[in-house]
1. Do we find a residue being assigned to a strand (DSSP E or B) and closer than 13 Å to ASP97 by Cβ anywhere in region 9-24?
2. Restricting to region 164-182, and then to whatever is open to solvent by 20 Å² or more (accessible area, probe 1.4 Å) and in contact with an Asp or Glu (Cβ under 9 Å, 6 or more places away or on another chain), can you tell me which residue is farthest from LEU217 (Cα to Cα)?
3. Filtering region 11-34 down to residues that are hydroxyl-bearing (Ser, Thr, Tyr) and closer than 18 Å to LEU157 by Cβ, which residue is least open to solvent (accessible area, probe 1.4 Å)?
4. Residue under question is PHE153, and the condition is that it be among the aromatic types (Phe, Trp, Tyr), touching a helix residue (DSSP H, G or I) at 6+ places or on another chain (Cβ under 6 Å), closer than 21 Å to SER73 by Cα and surrounded by fewer than 22 Cβ atoms within 10 Å (Cβ to Cβ); does it hold?
5. Do we have any residue at all in region 214-222 that's touching a residue at least 24 places away in the same chain (Cβ under 8 Å), acidic (Asp, Glu) and surrounded by 16 or more Cβ atoms within 10 Å (Cβ to Cβ)?
6. Pairs only if they're at least six apart or on different chains, beta carbon under 9 angstrom, first in region 50-61 and basic (Lys, Arg), second outside any loop (DSSP other than H, G, I, E, B) and open to solvent by less than 30 Å² (accessible area, probe 1.4 Å); list them, first residue then second.
7. Name the single residue, out of those in region 183-213 being open to solvent by less than 60 Å² (accessible area, probe 1.4 Å) and touching a Pro at 6+ places or on another chain (Cβ under 8 Å), that is modelled with the highest pLDDT.
8. Check off (1) touching a Lys or Arg at 6+ places or on another chain (Cβ under 8 Å); (2) at pLDDT below 95; (3) of a type in the set (Asp, Glu) for ASP97 and give me the number that stays unchecked.
Amino acid sequence: MQLSLVIPLLNEEESIQELYDWIVSVMQSNRFLYEIIFIDDGSTDRSWETILTIAKNDGNVKGIRFSKNFGKSQALHAGFKEAQGDVVITMDADLQDNPEEIPELYHLISNQGFDIISGWKKKRYDSILTKNLPSKLFNWAARRTSGVKLHDFNCGLKAFRNEVVKTIEVSGEMHRYIPVLAKNAGFSKIGEKVVRHQARKYGSTKFGAERFINGFLDLTTIWFVSRFGKRPMHLFGALGVLMFVIGFGFSMYLGIDKLFLNPMGRLITDRPQFYIALTCMIIGTQLFLAGFLGELFIRTKKQSEPYKMQETINIIE
């Protein structure tokens, strides 16, 4: 199979049929062998009923329904797990991503050797104050922190080699940083393509201003995980040893001063250096134990799916 289209959605009943018809038209005109995987992330409207109707009439369409809203990252994770195509393309279901971009994205991956092609919505039809400016700031911070030189980390339209989506694990709110996760997994051929952005036709956006705050917090998380996720002792242990050495140094100074230099001076407990030493040694021990417990957790944790499927269609168990 050439292409897998992974489409997470939440309450998009008005746009699903139109998006499906548009995708099928593009697929047939380019003679692609394809599948479309819709992931209903806990919709409360008739999105799932629409997917069922489409899938019953077209075996190329697969559907996954979550028991509740688990988030876009979990929806993508489920779709990636089922994707069979040599190239996997993600897009949103709100018709703001243009299916006409699919053929070129496919050829960039299959013919030019890229691991990932990320869409760049250079011209946007969103609010300048609430969407565009915060997005520019967020993307600037993401580039500086991650080292991945993309203009638009938030664009839902992306293309991947199948090996990429089967290797990385998308969880929490990390869907924004899939290229960073891929880079950390050893996939370095990451490109970018300017794509057309379209104004929302139905409904309203599911993301508020808080997504940018969460995005910055996630950026900090992914920086830490990429550097120390497999070896927390290297960070916490080093900081713990440093703090303990500082505290021990103050303790040695106090002991030598009291025994040899100024035995008739103030009591050790009356001196501020005593409390500095005590605090540093306690914090150092706690940091070292945090690193040790982190190492134990990594080695003993059991992997489990971060979502629960309620229903599927055309999915082979």
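The values are calculated or read from the model by the stated rules, or taken from the named source; none is laboratory data. What you see is a predicted model; the values in this text were computed from it and never measured. So basically every Cβ, Gly included, is an ideal-geometry build from the backbone, and we count neighbours across all protein chains shown. Heavy atoms of the whole protein, side chains included, go into the accessibility calculation; ligands, DNA and RNA do not. Shrake-Rupley method; radii C 1.70, N 1.55, O 1.52, S 1.80 Å.
1. Scanning region 9-24, I find at least one residue that is assigned to a strand (DSSP E or B) and closer than 13 Å to ASP97 by Cβ, so the answer is yes.
2. Among residues in region 164-182 that are open to solvent by 20 Å² or more (accessible area, probe 1.4 Å) and in contact with an Asp or Glu (Cβ under 9 Å, 6 or more places away or on another chain), the one farthest from LEU217 (Cα to Cα) is LEU181.
3. Looking at the filtered set, the residue picked out is SER15.
4. Considered against the rule, which asks whether it is among the aromatic types (Phe, Trp, Tyr), touching a helix residue (DSSP H, G or I) at 6+ places or on another chain (Cβ under 6 Å), closer than 21 Å to SER73 by Cα and surrounded by fewer than 22 Cβ atoms within 10 Å (Cβ to Cβ), PHE153 comes out as no.
5. yes
6. Taking only residues 6 or more apart or on different chains, the pairs are LYS56/ILE313.
7. Ranking the qualifying residues of region 183-213, first place goes to ILE190.
8. All conditions pass for ASP97, except number (1).
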